[in-house]
Amino acid sequence: MKNASKKLIVFIPSIEDGGVEKNLFLILNYLSLKLKNIILITFDNNSKKKIRKNINIINPFFNFSFIKGRYLKYIFCLIVLAKILLFSRNYTVLSFQANIFVIIISKFFGISVISRSNSSSTGWSKNAFKQMIFSHYFKITDEIIVNSFKFKKEMDERYNINCKCILNPFEFKKITIKSKFKVKKIYNKKSIKLISMGRLTTQKDFLTILKAVKILKNKNIELVILGKGEEEKKLEKFIDQNNLNNKVKLLGYKTNPFPYIKQADIFLLSSIFEGSPNVLVEALYLKKYIISTDCPTGPSEILSNGKYGQLVKIGDFKSIAKAIIKYKKNNYYKKKIIEGHKSLSIFSHKRNNIKYLNLIKKYL
């Protein structure tokens, strides 16, 4: 190590309820066992119990509870970061959000910065000007981490850089334990039991799943959606207008979704873009058949190009409906599920967190 006394700053202003946050807690808590002097800059304090006590959490002093929007949180936390670096250069920064701004501030102060990109650039770099800005700053970043190999290929080719691919870590034993918790039965016995989960946002495109269910509303199927977000009212309106209330249940966000996933037959993912969706790994681990959009990036990699489930085009609700009604509890589908379950060792907690640790140590 270059300087054993250097401190690590982990930057994530908005801690929400998604896959990024699950990864954050696993990575951060593992690093805190191996490294001293870790600082977490965040606006949110609602996840303190999930973070080890030896991690120093720093919030903006103007931490007003009524502020909910991401971008205001970004601004306040970027000010905190700049203030810390103004008085000391003895840091390395690991950024989970607002990456370009963190890179700009870190490089202004001559600080090493590691940027973790969480989702495909097709979702956040849609015009030539943005791409030019990102390309410039990505080239001066010390390391860029992505969470799937197709994501790495996309970023490397698009920005002429060399990312590091570190897969998302999972504590599978904990998923097993949590999946055994008792919850209310959410399906009828004889139906085809469908489940989907995630933030109710445009990116996740739950409307496509509802359109598939509309086609099949005369069939014996049931859909449960877990999650919350700004699209909730829009989804409720579609359900009401198409008389799907007896087919679809919106159960909101669940801190422990695994007992619900365990009850299902099929897990559905309809995203327009991703990085490497945790929910697919979790559903495979719980031995569910998966129907997913072949969005950039992640699903085709996790499902081995359809070997462990079925991939459809983005927005193709007709193909989703066909795949649902075709599903049978027979050896063909069981084989896909079992092979998918066996493939998950690459996502092990220890294996991938060691990669984070070794990479970060180079800059401490």
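In summary, the aspartates and glutamates within cross-link reach of Lys233, defined as a Cα separation below 18 angstrom excluding same-chain residues under 8 places away, comprise Asp205.
Measure up Lys153/Lys307; Lys184/Lys228; Lys73/Lys211; Lys185/Lys334; Lys164/Lys318 against 26 Å on the Cα-Cα distance and list the ones that go over. The pairs that break the limit, which is 26 Å between Cα atoms, are Lys73/Lys211; Lys164/Lys318.
Counted residue by residue at 0.36 nm each, then reduced by the alpha carbon distance between them, the extension gain from Ile215 to Ile186 reaches 8.3 nm. Close amide H contacts of Gln310 (hydrogens built in the peptide plane, cut-off under 5 Å, sequence separation of 5 or more or a different chain): Ile290, Ile291, Ser292. Placing a pseudo-label 7 Å from each Cα along the Cα-to-Cβ vector at Glu232 and Ile140 gives an inter-label distance of 4.2 nm. For Ser115, the amide hydrogen comes within under 5 Å of the amide hydrogens of Ser95, Glu143, Ile144, Ile145, counting only partners 5 or more places away or on other chains and with H modelled in the peptide plane. Less than 5 angstrom separates the built amide H of Lys7 from those of Tyr91, Thr92, all sequence-distant by 5 or more or on a different chain.
Taking the centroid of alpha carbons for each part, the range 311-358 and the range 22-60 are 30 Å apart. Its DSSP H runs of at least 4 residues, each contributing -39,500 (n - 2.57), put the calculated 222 nm mean residue ellipticity of the chain at -12500 deg cm²/dmol, to the nearest 500. Between the alpha-carbon centers of the range 254-278 and the range 207-248, tell me the distance in whole angstrom. The range 254-278 and the range 207-248 have Cα centres separated by 16 Å. Counting only other residues whose beta carbon sits under 15 Å from that of Ser304, what net charge do I get with K and R as +1, D and E as -1? Once all neighbours under 15 Å are counted, the net charge is +2. Per-residue Karplus couplings for the range 233-250, computed as 6.51 cos²θ - 1.76 cosθ + 1.60 with θ equal to phi - 60°, are listed in order as 5, 5, 5, 4, 4, 4, 4, 5, 5, 10, 6, 9, 4, 8, 10, 10, 10, 9 Hz, Gly and Pro entered as x.
Under conditions of 37 °C and 0.692 mPa s, the range 169-295 yields 221 µm² s⁻¹ as its translational diffusion coefficient, taking Rh as the Kirkwood radius over Cα pairs in the Stokes-Einstein equation. Taking all Cα-Cα distances within the chain, those exceeding 25 Å account for 56%. Springs between alpha-carbon pairs under 10 angstrom, Gaussian network model over the chain: which of Gly19, Gly110, Gly69 fluctuates most? Fluctuation is largest for Gly69. Pop the C-beta distance of Thr255 and Phe172 into the FRET formula with R0 = 22 Å and round what comes out to the nearest 0.05. Computed FRET efficiency for Thr255 and Phe172: 0.75.
Taking only Cα atoms, what is the 0 to 90° angle, nearest 10, from helix 331-342's long axis to the longest principal axis of the chain? Rounded to the nearest ten degrees, it is 10. Extension gain, Lys335 to Ile314, is 5.0 nm, computed as 0.36 nm per intervening residue step minus the present C-alpha separation. Taking Ala212, Ala82, Ala128 in turn, the Gaussian network model of the chain (Cα-Cα springs below 10 Å) assigns the largest fluctuation to Ala128. As a calculated quantity, the FRET efficiency between Lys34 and Asn305 at R0 = 41 Å, using C-beta atoms, amounts to about 0.70. Seen against the Cα atoms of the chain and their longest principal axis, helix 349-361 is set at about 20 degrees.
Report, in degrees rounded to the nearest 10, the 0 to 90 angle that the Cα long axis of helix 99-108 makes with the longest principal axis of the chain. The angle comes out at about 10 degrees.
Relative contact order for the range 172-346: what is it in percent, counting Cα pairs under 8 Å that are at least 6 residues apart? Intermediate results must be reported in sequence, preceding the final value.
On the way: 293 pairs, mean separation 40.2, N = 175.
Taking the mean separation of contacting Cα pairs over the length of the range 172-346, I get 23 percent.
Within the listed set Ile177, Ile38, Ile55, the residue fluctuating most in the Gaussian network model of the chain (springs between alpha-carbon atoms under 10 angstrom) is Ile177.
The Cα-based radius of gyration of the range 51-123, divided by its Kirkwood radius, gives an Rg/Rh of 0.98.
Every number in this text was worked out from the coordinates using simple rules, so none of it is lab data. As the structure is a prediction and not an experimental result, all values here were calculated from the model. Note that each Cβ is placed from the backbone with ideal geometry, even for glycine, and that neighbours are counted across all protein chains shown.
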